[in-house]
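Visitor: Dropping the structure in here first, questions after.
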Amino acid sequence: MAKVLLVYFSHGGNTRKMAEALKKSVEAGGVAVELKKVADCDPASMRDYDGVLLGSPCYFGVMAADMKSFIDRSIVLFGKGELMGKPAGVFASTGGIGGGGELTMISMIAGLLIHGMVVQGSRKGGHFGPLAIGEPDERVMGELQLYGAQFAGLVKKLAA
Ligand SMILES: Cc1cc2nc3c(=O)[nH]c(=O)nc-3n(C[C@H](O)[C@H](O)[C@H](O)COP(=O)(O)O)c2cc1C
């Protein structure tokens, strides 16, 4: 069975709730998920998975520093292109509309694209990935369900 690494940073629990819901929806799509706090995850371990999902709150308009540090330390995988062609996706939690939620996701996506990863976008809802304002509500839970199903489909296609 294909397996995905889902890494998140969360101080207040909003991004963690999103991560837990996303784990369930990817698993419902037939792909195993390992859920890890960013503090407990070695970036080099991304090489061992068929796909990677990253989640962060919006801090001062972009991803939290812990997540940026995780991406910066993934440089160890860059030289040999170890993440090339792997599926990836992002999600974020923000404090308010216009607070930088999209920039938070785009800043994470930039790191993933630079590794040559294939990023899952979305036609419906948040185009760059699921985005919550504060605590994830029913709308966000629906987006996480849809995004997880799409991501599981992409992982299975590329892992085949
Ligand atoms: C240091 C810090 C910076 C923040 N900066 C922003 C910001 O620029 N824009 C915004 O909309 N919310 C901002 N917030 C609010 C968080 O993005 C929001 O509360 C989020 O849901 C927190 O996620 P968590 O519960 O997973 O920690 C900030 C919060 C903190 C603690």
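The values are calculated or read from the model by the stated rules, or taken from the named source; none is laboratory data. Since we're looking at a predicted model, the values are computed, not measured. Cβ: placed from backbone, ideal geometry, glycine included. Neighbour counts: every protein chain shown. Side chains included, ligands, DNA and RNA excluded: accessible areas come from the protein's heavy atoms. Shrake-Rupley method; radii C 1.70, N 1.55, O 1.52, S 1.80 Å.
Visitor: Within a Cβ distance under 10 Å of A44, other residues only, what is the Lys/Arg minus Asp/Glu net charge?
Guide: Once positives and negatives cancel, what remains is -1.
Visitor: Which is the longest run of the chain containing none of the chymotrypsin sites (Phe, Trp or Tyr not before Pro) found in DSSP loop states (not H, G, I, E, B) with at most 14 other C-beta atoms within 10 Å?
Guide: It runs 79-160.
Visitor: Over 25 Å between Cα atoms: which of K80/K157; K17/K157; K24/K157; K23/K80; K17/K124; K36/K124 fall into that group?
Guide: Check vs 25 Å cut-off fails for K17/K157; K23/K80; K36/K124.
Visitor: Residue by residue, what Karplus-based ³J(HN,Hα) values in Hz, rounded to whole numbers, does region 76-85 have, using 6.51, -1.76 and 1.60 with θ = phi - 60° and x for Gly and Pro?
Guide: After applying 6.51 cos²θ - 1.76 cosθ + 1.60, I find 5, 9, 6, x, 9, x, 6, 9, 3, x Hz.
Visitor: Continuing with this model, one more query. Would you please give the residues with an amide H less than 5 Å from that of V118, counting only those at least 5 places away or on a separate chain, with H modeled from the backbone geometry?
Guide: Under 5 Å from the amide H of V118 lie the amide H atoms of G85, K86, A88, each far enough along the sequence or on another chain.
Visitor: At 1.4 Å probe size, with every protein chain present, just tell me what the per residue accessible area of region 41-95 comes to in Å².
Guide: Spelled out: the 1.4 Å probe surface of region 41-95, per residue, equals 42 Å².
Visitor: I'd like the carbon and sulfur percentage of the solvent accessible area for the chain, probe radius 1.4 Å, heavy atoms only, ligands and nucleic acids excluded.
Guide: The nonpolar share, carbon plus sulfur, comes to 57 percent.
Visitor: Let me ask something else. Report, by chain and number, residues whose modeled amide H sits under 5 Å from the one on T94, excluding near sequence neighbours (fewer than 5 apart, same chain).
Guide: C58, A132, I133, G134
Visitor: Nearest 5 is fine: what % of DSSP beta bridges in the chain come out antiparallel, could you say?
Guide: Antiparallel bridges make up about 10 percent of those DSSP assigns within the chain.
Visitor: Give the ranking of I106, I97 by solvent-accessible surface, highest area first, calculated with a 1.4 Å probe.
Guide: From most exposed to least exposed: I97, I106.
Visitor: Still on this structure, I have one more. Counting each DSSP H run of 4 or more residues in the chain as -39500 (n - 2.57), what helix-only mean residue ellipticity at 222 nm follows after dividing by all residues, to the nearest 500 deg cm²/dmol?
Guide: -12500 deg cm²/dmol
Visitor: I would also like to ask the following. Tabulate in residue order the Karplus-calculated ³J(HN,Hα) for region 13-25, using 6.51 cos²θ - 1.76 cosθ + 1.60 with θ = phi - 60°, rounded to whole Hz; enter x for Gly and Pro.
Guide: For region 13-25, the Karplus-derived couplings read x, 5, 5, 4, 4, 5, 4, 5, 5, 5, 4, 4, 6 Hz, x marking Gly and Pro.
Visitor: Which one, G111, G89, G55, has the greatest fluctuation when you compute a Gaussian network model over the chain with C-alpha springs under 10 angstrom?
Guide: Between G111, G89, G55, it is G111 that shows the largest mean-square fluctuation.
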